[in-house]
Amino acid sequence: MTVLAVLFREWWARIFRTPAATRVGNLREPLYPKPAAIPTEGVSQFRPPSGAQGTPEVASLLQIVQRPSLEIPVAPPRAPDPAVRERTLAQLHGLQQIPALQSLAKNFLQTLNQPHVSIGEVVDAVRKDSALCVRLLRAANSVAFASEQRVQDLATAVQMLGVLRVRRMMQAMFTLRDGQRVASGLDWRHLWIHALATAAIAEELERRLRPISDSQIYLAALLHDVGKIVLSTLSPEDYREVLLRAWNDGGSLEDIERAQMGVDHREAGVIFARYNGLPDVVVAAAEHHQAPIFATEWQFEVALVALANHLSKAHGLGFSGARLVAKDGTFAQHDAWEVIKAATGDPIDPEYLEMKLGAFLAALRVDLRNLREDR
């Protein structure tokens with residue numbers, strides 16, 4: 001048994017007590033008591049090596065990653081308080097900064113401190129941090145730097161601003177972040193890890209499904225759940241309660257968000273994206289990634305984000321606040337394939353594609369694990 005497996009087994013042992021499990025559809029449903037708090041360690045990032053699925057600790061981890069909702073009565077969410085909604089909306093319209101991974105900040109600054117760093121290296125570092133993407137695109141489109149054409153890609157933004165200015169912006173930004181407090185029990189890193197995984201998978205899916213790639217797909221996928229980060233930034237304690245209720249009761253995350261904070265993460269993400277002048281594809285992904293068929297623009301890109309989001313959850317890459325349940329089906333059954341097949345006109349075998357993505361997902365898991373900062 002590896003050290004990593006032992007650590008995860010001990011962590012889960014502190015929360016779950018009974019090892020029994022039963023079958024629900026084609027997923028496994030653990031009969032554990034509900035956790036008292038949202039996990040604050042990278043449990044869902046763990047993926048067992050081939051052949052290790054039979055061990056008890058691995059079985060319990062896989063069950064939790066794809067745990068269907070229990071068939072128990074759940075009290076309907078209370079109606080949103082209009083006053084709470086108005087207060088949240090007022091805060092949303094003034095929000096310009098969101099938290100990100102401190103480990104990414106360190107990696108970025110190490111890259112920029114190299115004597116002969118290239119634009120490509122800077123872009124590769126920038127694109128891993130969605131808060132930085134927002135800041136750079138807004139700066140490149142500001143009055144001081146605006147050109148006749150709107151800047152929507154990171155390479156152009158970095159070229160316009162210059163590496164030195166980007167370095168200064170980042171140092172100031174991360175210094176401010178260091179002073180932020182995180183509510184007890186709410187760890188933003190795992191939301192970001194899910195976002196990073198979804199972005200990387202979406203980009204890989206696009207490479208395989210559309211020869212001419214669009215560089216905005218990474219940004220759209222990275223920010224598809226930005227509303228969750230936004231709401232947790234506005235009120236960490238309230239959003240911690242939202243996640244706890246969604247985890248314990250198995251109710252709809254959006255219903256609980258609206259009851260607790262007046263808006264759900266999709267509406268919050270759309271407002272934040274529009275207020276900060278982000279590309280329209282980001283707005284579309286934030287609004288429709290759960291049902292890409294309803295997107296009126298950027299439908300193909302939104303469908304890719306939806307599929308990437310599903311794979312990220314299914315393979316336990318980060319924690320998005322909403323687990324896969326039986327009604328979500330499999331990757332091959334996802335509604336997004338209707339959009340993908342209509343757009344490409346090519347016969348696609350989703351199950352074969354998922355198999356071919358195995359090596360990519362394994363490498364991605366290692367990369368994400370290296371981003372964690374436990375000290």
Going by the conditions given, is SER312 out of contact with any Lys or Arg (no Cβ under 8 Å at 6 or more places or on another chain), of a type in the set (S, T, N, Q) and either buried (at least 23 other Cβ atoms within 10 Å of the Cβ) or at positive phi (or both)?
yes
Only one of these conditions is not met by LEU353: (1) outside any helix (DSSP H, G or I); (2) in contact (Cβ under 8 Å) with a residue 60 or more places away in the chain. Which number is it?
(1)
Go through the range 109-144 and count every residue that is under 23 Å from HIS190 (Cβ atoms) and touching a residue at least 40 places away in the same chain (Cβ under 8 Å).
9
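Out of curiosity, is ASP280 among the charged types (D, E, K, R), touching a residue at least 12 places away in the same chain (Cβ under 8 Å) and either closer than 27 Å to ASP81 by Cα or in contact with a strand residue (DSSP E or B) (Cβ under 7 Å, 6 or more places away or on another chain) (or both)? Explain how you work it out, then say what you get.
Working: among the charged types (D, E, K, R): yes; touching a residue at least 12 places away in the same chain (Cβ under 8 Å): yes; either closer than 27 Å to ASP81 by Cα or in contact with a strand residue (DSSP E or B) (Cβ under 7 Å, 6 or more places away or on another chain) (or both): no.
Taking the combined requirement at face value, the residue does not satisfy it.
Where a number appears in this text, it was derived from the coordinates with a stated rule and is not lab data. None of the values given here were measured: they were computed from a predicted structure. So basically every Cβ, Gly included, is an ideal-geometry build from the backbone, and we count neighbours across all protein chains shown.
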